[in-house]
1. Could you tell me how many of the residues in the stretch 58-80 are surrounded by fewer than 20 Cβ atoms within 10 Å (Cβ to Cβ) and not polar (S, T, N, Q)?
2. So which pairs qualify, if the first residue must be in the stretch 208-228 and surrounded by fewer than 16 Cβ atoms within 10 Å (Cβ to Cβ), the second must be hydroxyl-bearing (Ser, Thr, Tyr) and not in a loop (DSSP other than H, G, I, E, B), the Cβ gap must be under 6 Å, and the two must be at least 6 apart or on different chains?
3. Cβ-Cβ distance below 7 Å, separation of 6 or more or different chains: which pairs start in the stretch 52-70 with a residue that is on the phi < 0 side of the Ramachandran plot and end on one that is assigned to a loop (DSSP other than H, G, I, E, B) and of a type in the set (Gly, Ala, Ser)?
4. How many of the residues in the stretch 14-57 are of a type in the set (A, V, I, L, M, F, W, C), over 20 Å from VAL148 (Cα atoms), buried (at least 24 other Cβ atoms within 10 Å of the Cβ) and touching a Gly at 6+ places or on another chain (Cβ under 8 Å)?
5. For the stretch 229-248, name all the residues that are among the basic types (Lys, Arg) and either closer than 21 Å to SER188 by Cβ or free of Cβ contacts under 8 Å to residues at least 60 places away in the same chain (or both).
6. Has the stretch 84-96 got any residue that is modelled with pLDDT under 95 and surrounded by fewer than 13 Cβ atoms within 10 Å (Cβ to Cβ)?
7. Restricting attention to the stretch 97-111, report how many residues are exposed (fewer than 13 other Cβ atoms within 10 Å of the Cβ) and either touching a residue at least 40 places away in the same chain (Cβ under 8 Å) or within 18 Å of LYS58 (Cα to Cα) (or both).
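The values are calculated or read from the model by the stated rules, or taken from the named source; none is laboratory data. Here the structure is a predicted model, which means the values were calculated and not measured. When we count neighbours, we look across all protein chains shown, and the Cβ atoms used for this are built from the backbone with ideal geometry, even at glycine.
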Amino acid sequence: MARIISIVNQKGGVGKTTTTINVAAWLSDFGQRVLLVDIDPQGNASSGLGIDYKNLNKGIYEVLVDENTRINEAIRAYKPNFHILPATPDLAGATVDLVEKENREFKLAQNIKEVVGLYDYILIDNPPSLGLLTINGLVASDEVLIPVQCEYYALEGLSQLLNTIGLIQEHLKPDLKILGAVMTMYDSRNKLANDVFHELYKFFPERIFRSVIPRNIKVAEAPSHGLPIKDYHPYSVGANAYRRLAQEIILNRK
């Protein structure tokens, strides 16, 4: 059965989608069968893999809202063992459309059950918010990976995120676990980045990945080419950092 991991942080611009894409790409390179689920209405994980999500007929929105759409109808192959369930523009209205549906927090979990046996890893790219879509992502997941940007304001809101995860554990998904936090956009020359790194231990003692994602222009360029960093510039420091993170995740089974 697949390990289902939500990549989540309600603060935007922390490298959440970049982390999802590149961890998924490296996991597939290591021979794992991977499904990336894009439930962020911005659709950046979809476009970052070269998918013209604005012209798709079916995506995650239809899977969540339309009872007649099966999840396998919307999944697309990026590579033979790396698939994506893309976002579509209609996803922006999913929160409103789901409100009156029965068991609305479990829609993604119910659909993923149909394909969970086909993959080793299912990675969910959540919106930068703590709304109904993110709740669906968390409820569908076994573990949570939290990217944290190495800036002061990135620490603000972590308490709220952890509180939300706690509520999900209490009321909806008791066995949801925090896999850990990963530092992104790290610059060792920046004293503040090191201060943030140490401060983070107060939130995640023994749950910070040793792999740290540095600031790297090649990582920033890759999405504009519709490629993960391992395919765009495989020998860059950013590619190596995400390779190490994927290896850590494989070894880090709770």
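1. 10
2. HIS225/TYR232
3. From residues that are on the phi < 0 side of the Ramachandran plot, the pairs are TYR53/GLY43; TYR53/GLY59; TYR53/ALA87; GLY59/ALA87; ILE60/ALA87.
4. Counting residues in the stretch 14-57 that are of a type in the set (A, V, I, L, M, F, W, C), over 20 Å from VAL148 (Cα atoms), buried (at least 24 other Cβ atoms within 10 Å of the Cβ) and touching a Gly at 6+ places or on another chain (Cβ under 8 Å) gives 2.
5. ARG243, ARG244
6. yes
7. Of the residues in that region, 0 qualify.
Yes/no matrix, rows are residues, columns are (1) within 26 Å of LEU130 (Cα to Cα); (2) hydrophobic (A, V, I, L, M, F, W, C); (3) modelled with pLDDT of 95 or more:
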residue	(1), (2), (3)
ILE165	yes, yes, no
LEU176	yes, yes, yes
ARG189	no, no, no
LEU192	no, yes, no
HIS198	yes, no, no
